[in-house]
Amino acid sequence: MAGSVVFNSLIVMSFIIAGLLAIVPMPEWAIYFRPEWVALVVVYWVINNPERVGIGIAWMVGIMVDALTGSLFGLHALGLALVAWLALRLRLRLRLFSVSRQASVVLVIVGLQLLLSQWLQFLFDLPRGTNMMFLAPAVTSALFWPLVWLLVGGTIRSLDLK
Amino acid sequence: MAADKRFGYMEQARQALGLVATPFFWLADTPARVGNSLGEIFVSRTELLDENARLREELMLSRQRLLLAESLTVENNRLLALQDASALFEQEVLTAEIINVSPDPYTRRILINKGGRDGVFEGQAVLEANGLMGQVLQVMPFSSWVLLITDVNHVTPVEVSRNGERALARGGQDGDTELDLEFVIPTQDIEVGDTLISSGMGQVYPKNYPVAEVISVHRSPVQPYATIKARPMAQVGSTRHVMLVLAATVQDVPALADGTEGGADEESTLAAIESAN
């Protein structure tokens, strides 16, 4: 029981850190390449602990991200729910993949999330990019996936959970 | 869900979540704040003395200009009173600090550390030492989002300080930091180097604040409008302090006083009226 409390607080902590990384100010050139940290953490937990983090949690985290970034309510919520759903569908296969192959799937998942938010931004006439640069975060997300995998996995192992 | 936001049903939830988000904003700002205070700690005595001298000199110069400006204001108000026009008076300001920048590269917004508790209201004009910066978009209890004039969905009604030619300055596409002047017919007298000041139309911004400087003008015989680019005076990247205009100012365009909120749409209608004349 105590282990479960620690585990849940670890999940909450990971989302808090990802949320902070999502809003921390960055230099002008880097802002186009900011990885979708929250999506990466959602994918991690959905693959490894689908009984704790699912589409519902992803949705609520998304609402929180919307509040943090001041974006339209539901934009990130819908995007992260899509991410969670895709990761749920693919999770049995993803667990057998090497980290680099997982990264390529993450590229597609985050890319679809960005595409969905691009569509929604078009639908609601919000400011958006007019070229393909809006997909750049998918590439950086895939590059940072191994880091997330090792960092969160390492923390779980060092805390001797599960 | 997303449509809810359109009609403002989510305002309560937004307020509550804004409250929860406050510590996040504070934490995310920490690196910048620590950097700043470190910069303040590791500064040499001579540097401080130099800065002090420079600031003193600046203060003296500003005082001298202020004296001149005061007499001009009085004179101006008297002349305007003669013409039966309601004049622009002095404005009270509230200072605030920028604590975050919107993570979305395609929209230009900043987060400031004053919110509903400090009397910030939606549509309030935000200034910086060099010029107009934007308007308050969303008020949360302890912080608020400010939409900058460089946002693609933001239009600022401006006029050329040299001759009073009016135009609309829209933020650039794809996170560009320059402004595009819209609906300027080729015969209008706008040139490179002209200073654009706020015209006070649309009732959002106070009149006569510097907005931008024209950096390029292209007139083509095949295009109905000239292509004009302007660089905003307000430097978002290099400052942390902004001013919020407190008093709702009296404008001297009573005929257009219907709209309370000067969104982009209303301003484009204004432009349509103008260009038709």
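Worth pointing out:
- Among the residues of segment A:110-130, just one is assigned to a helix (DSSP H, G or I) and within 7 Å of chain B (Cβ to nearest Cβ), namely A:L120.
- Taking segment A:91-119 as the range and being touching a residue at least 40 places away in the same chain (Cβ under 8 Å), surrounded by fewer than 22 Cβ atoms within 10 Å (Cβ to Cβ) and not hydroxyl-bearing (S, T, Y) as the test, the residues that pass are A:R91, A:L94, A:R95, A:V99, A:A103, A:L114.
- Looking only at segment A:45-67, and only at residues there that are surrounded by 24 or more Cβ atoms within 10 Å (Cβ to Cβ) and part of a helix (DSSP H, G or I), the one that is farthest from the other protein chains (Cβ to nearest Cβ): A:V46
- Criterion (among the small types (G, A, S) and under 18 Å from A:S71 (Cβ atoms)) met by exactly one of A:S100, A:S117: A:S117
- Given (1) away from chain A (no Cβ under 14 Å); (2) modelled with pLDDT under 80; (3) exposed (fewer than 10 other Cβ atoms within 10 Å of the Cβ), index of the condition B:F42 fails: (2)
- Among the residues of segment B:177-230, those that are hydroxyl-bearing (S, T, Y), surrounded by fewer than 18 Cβ atoms within 10 Å (Cβ to Cβ), assigned to a loop (DSSP other than H, G, I, E, B) and touching a strand residue (DSSP E or B) at 6+ places or on another chain (Cβ under 8 Å) comprise B:T177, B:S220, B:Y225.
- Test result for A:R89, more than 14 Å from chain B (Cβ to nearest Cβ), part of a loop (DSSP other than H, G, I, E, B) and either more than 20 Å from B:F25 (Cβ to Cβ) or under 10 Å from the mean Cα position of the chain (by Cα) (or both): no
- From the list A:A18, A:A30, A:A77, the lone residue that is surrounded by fewer than 15 Cβ atoms within 10 Å (Cβ to Cβ), aliphatic (A, V, I, L, M), within 14 Å of another protein chain (Cβ to nearest Cβ) and in a helix (DSSP H, G or I) is A:A30.
- Looking only at residues in segment B:120-131 that are of a type in the set (G, A, S) and within 18 Å of B:I99 (Cα to Cα), the one that is surrounded by the fewest Cβ atoms within 10 Å (Cβ to Cβ) is B:A129.
The values are calculated or read from the model by the stated rules, or taken from the named source; none is laboratory data. In this text, all values refer to a predicted model and were calculated from it rather than measured experimentally. When we count neighbours, we look across all protein chains shown, and the Cβ atoms used for this are built from the backbone with ideal geometry, even at glycine.
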